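Worksheet: one structure, shown below.
The values are calculated or read from the model by the stated rules, or taken from the named source; none is laboratory data. Keep in mind that what you see is a predicted model, and the values were worked out from it rather than measured. Heads up, the Cβs are rebuilt from the backbone with ideal geometry, glycines too, and the neighbour counts pull from every protein chain shown.
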Amino acid sequence: MFTGGLNESMQERVVIRGVDAESMSVIIDYCYTGRVTITEGNVQRLYAAANMLQLEYIRRACSGFMTRRL
Amino acid sequence: FANKGAFNSPQQIILLRFQVWQMDIDDESVDRLWIILKAAIQQILRKDTGGLCFSELYNIAYMLTQQRRAMKMYAGLKEIITQHLSSNVKPEMVDSQKNNFLGILYKTWSDYLVEITMIEDIFIRMDQIYAKNHGMDSVFAIGVTLFKEQVLSHSSIKKQLQQLLLGMIDQDRKGELVDRENIRNICKMLMILSLDGRSLYEEYFEEPFLSRSIKLFQSESRKLLAEKSADKYLKEVEDRIEEEEERALSCLDISTGERIIQVVEQEMIVKHMRTIVEMEISGLVHMLEHTKTQDLARMYRLLGRVPGGLKLMCDCMSSYLRQRGQLLFSQEKAGLNPVDQIQNLLDFKAQCDHFLSESFNNNKLCNQTIIGEFEHIFNLNTHSPEYLSLFIHDKLTKGTKCLTEQEVESYLDKALMLFKILQEKDMFEKYYKQHLSYRLLSNMSVSEHTEKSMILRLKRECGFQFTAKLEGMFKDMSISTTTMEEFLSHIQTVPISLSGLNLTVKVLTSGVWPTQPQAPKCSIPSIPSTAFEVFRSFYLAKHNGRQLMLQYHMGWADVNATFYGSLQKVNDPESNAGGAQVTRKHILQVSTFQMTILMLFNNRETFTFKEIQQETDIPDNDLLRALLPLYWGKPSQRVLVKEPDCKQIKKEDIFTVNDEFSSKKYKVKMKLVPGKKEAAVPQKEGEKTRYRVDQERKLQIEAAIVRIMKSKNRLHHRALVTELTQQLQGSFQPSSAVVKTCIETLIEKEFIARTPEDERAYVYIA
């Protein structure tokens, strides 16, 4: 997203659409700590955000979480 | 969303998307969103990305996927890319064929790759949900495949690409400057275009490259072979391999390295290796003959790369070694000094070992070949056991050679190498015993330490049984020394005179030494014989029940001799040594027989041969052998003069003392067997030894057969022979003819019998 060559990779301020604040907070925590807290309340949004940002580990964790709860 | 369409805020979309999965949006909205997306893709492909927002495009694609519009998107995307490639990229490439085609192609490709990656990122959800579940290509794969179909497979582009690429490699091979970066880039592109495999790379580049290389190497080989120089050829091939390896590594796909090297190996080595190895004047034999260590090493390296190459080399080396070895060490060369023959063989082995370590990297097969050939050469000559023993004898005998201990040890090590490959080890033992007994009894051994270190080597190789007798000989020697000390102190205490004689007796255990049960007769003069009788009674008093037998043929004596100028007379032992007219005094070192002969002349001036014969009682053969060195040789060095003066002896020939005898040395050694190498076993002796060994072998074989049959009870002939060979290998190789006679003997003696049902099987008779 930030290296792909579209607008985001050129802007100083990037508006990230499609990611809510809570998910972003979980993702940033993950980036610093390597840990991610998944709950039934955040899993769907977190999955979508991780998919867009191509954070493969979180995406897998979310899909695993949801599969177990089906 | 820039254009919000049906939704008010992104936040809302997300909520809807996650919580109400099945909610549809109307077709109109879908179309509008698709138009936005389509325009964005076209912009990306035109490299006009200004104003495009990734998260926005991503969200649209995401939503359309969720809304089950993926199929439409998928088809649409394919169409847009196809359109772009066929109407923009392809014509551009066709146009630029004249000018820096490969450079432009690569640039176009790498730009395209970036664009496809951007598009891929946008369509992640479609790849995940739609393409994957329907077994369809991912966006990236579509991009690659379309590029291949739309651009590269255009015939003129393909042709141009191949021609240029191969042309550049040709130039590179010729050493011209080419843009290797360009080659590497194109190869990389072809590999990516092959997706997971390497099919496109193979089709567009590798296959034509390899087949072109085959032709090149073939013509190169032909040209080189015409020069008839194996060393040059090999050098070129080695250079070629190195060059191709380097090229593949630095500008082709890495997997081509192995393949192109295989082509070189096949075309330049496998197809011509026989010609190269057998090439006259420069092939393997030439290299071996002229010690071309480097060239041999190169041949080894190159032929070692291909199957059968090393074998071919070894075969060729085999026949060369055999030929050369037989020239060096053959039966027909019997005239040559045995010690030199063994030395020649060892030198040759050293040369081969040099090749083995310097050229052949101590390769196992090469080593086996060399050892195998030496074994063949060495065992072909029936004199080998004797010669080898003589060689060791030569090194262990005190004499004029001034060898340091290390030198002697290294000779012994080399001799042991030959011993290891010797088949008739028992034969060797017989000779070794004879030579050792000579060294020990005549006090000619270099040192006991060295002797023992040789015995130790033999023991390690063949076990203690093999050396038991040899060690027995050493034991006898040391016991004799003690006995003599005791004897000397004994005669001090009793009033017995030895008439001034210095007696040294060595008591040899029978069976351990190569003594003869019936020693040749000899009636030795009374002084020494009385002295010996004194010893005999002393010894027998100590060791009850033993028997002492004199071995005249093995003894020796130091005799004082006085020569009276041209006058007359010799006085022998000590008693008369102090005459008034002394001119020259010498000590003569002689054998017991010679002493007996010389002492006759104390009593009379002349003797005929017949008289000597009668007086001494020595058998003719031994007598002749003892006499010859006394009267035949340099005139001034003769102790006796014979009338008439010729080598042949007749019964009436007259012997007198030669008073003109002169020698620079005070101590003069009489050679035992002139003409032959000192201490060499005369031919007859050699034959006798062989006969004795053959008899002993028969006994050993019979004993082994009985042992085997006793344990197995029933055995087929073939199995018996195998077992037998295994048991006896340590000392000799039983010949099948001898084995058969031994079996016959045992059947006659009723130790074993043939089975009634099978003639070729035997049973043990208890």
Query raised in the report: Out of B:L715, B:L699, B:L720, which single residue is of a type in the set (A, V, I, L, M, F, W, C), surrounded by fewer than 16 Cβ atoms within 10 Å (Cβ to Cβ), free of Cβ contacts under 8 Å to residues at least 60 places away in the same chain and not assigned by TED's automatic domain parsing to the domain that holds B:C462?
Result: B:L699
Query raised in the report: Which residue pairs have Cβ atoms under 6 Å apart, sit 6 or more places apart or on different chains, and have a first residue in segment A:2-13 that is facing another protein chain (nearest Cβ under 7 Å) and a second that is assigned to a loop (DSSP other than H, G, I, E, B) and loosely packed, with under 14 Cβ neighbours inside 10 Å?
Result: A:E8/A:F2
**Report entry** Selection within segment B:729-766 - part of a strand (DSSP E or B) and under 14 Å from B:A703 (Cβ atoms)
**Finding:** B:I752, B:Y764
Query raised in the report: among the acidic types (D, E), surrounded by 12 or more Cβ atoms within 10 Å (Cβ to Cβ) and either part of a helix (DSSP H, G or I) or out of contact with any Cys (no Cβ under 9 Å at 6 or more places or on another chain) (or both): does that describe B:E485?
Result: no
Query raised in the report: Being in a helix (DSSP H, G or I), without any contact (Cβ under 8 Å) to a residue 40 or more places away in the chain and either among the polar types (S, T, N, Q) or out of contact with any helix residue (DSSP H, G or I) (no Cβ under 6 Å at 6 or more places or on another chain) (or both), is that true of even one residue in segment B:298-311?
Result: no
Query - Among the residues listed as A:R17, A:R59, A:R45, the single one being at the interface with chain B (Cβ under 10 Å from one of its Cβ atoms) and at pLDDT 90 or above - result: A:R59
Query raised in the report: Assuming B:Q614 fulfils every condition listed in (1) farther than 30 Å from B:V512 by Cα; (2) modelled with pLDDT under 80 apart from one, which condition is it?
Result: (2)
Query raised in the report: Out of all the residues in segment B:165-174, is one or more at pLDDT 90 or above, surrounded by fewer than 17 Cβ atoms within 10 Å (Cβ to Cβ) and among the polar types (S, T, N, Q)?
Result: yes
Report summary line: Considering only helices (runs of 4 or more DSSP H) wholly within segment B:211-287, the ones with at least 2 residues that are more than 31 Å from the chain's Cα centre (by Cα) and in contact (Cβ under 8 Å) with a residue 12 or more places away in the chain are B:230-251, B:254-264
Report summary line: Within segment B:46-70, residues touching a Gly at 6+ places or on another chain (Cβ under 8 Å) and either facing chain A (nearest Cβ under 7 Å) or more than 23 Å from B:I129 (Cβ to Cβ) (or both) come out as B:T49, B:F54, B:S55, B:Y58, B:N59
Report task. Look through B:S529, B:S497, B:S537, B:S523 and report the one residue that is over 26 Å from B:Y432 (Cα atoms) and modelled with pLDDT under 80. Result -> B:S497
Requested in this report: Please work out which residue is surrounded by the most Cβ atoms within 10 Å (Cβ to Cβ), limiting yourself to segment B:116-135 and to residues that are among the hydrophobic types (A, V, I, L, M, F, W, C) and within 11 Å of chain A (Cβ to nearest Cβ).
Outcome: B:I122
**Report entry** In segment B:621-660, the residues that are surrounded by fewer than 18 Cβ atoms within 10 Å (Cβ to Cβ) and closer than 14 Å to B:L588 by Cα
**Finding:** B:Q637
Requested in this report: Would you be able to say whether some residue in segment B:289-304 is within 30 Å of B:Y431 (Cα to Cα) and among the aromatic types (F, W, Y)?
Outcome: no
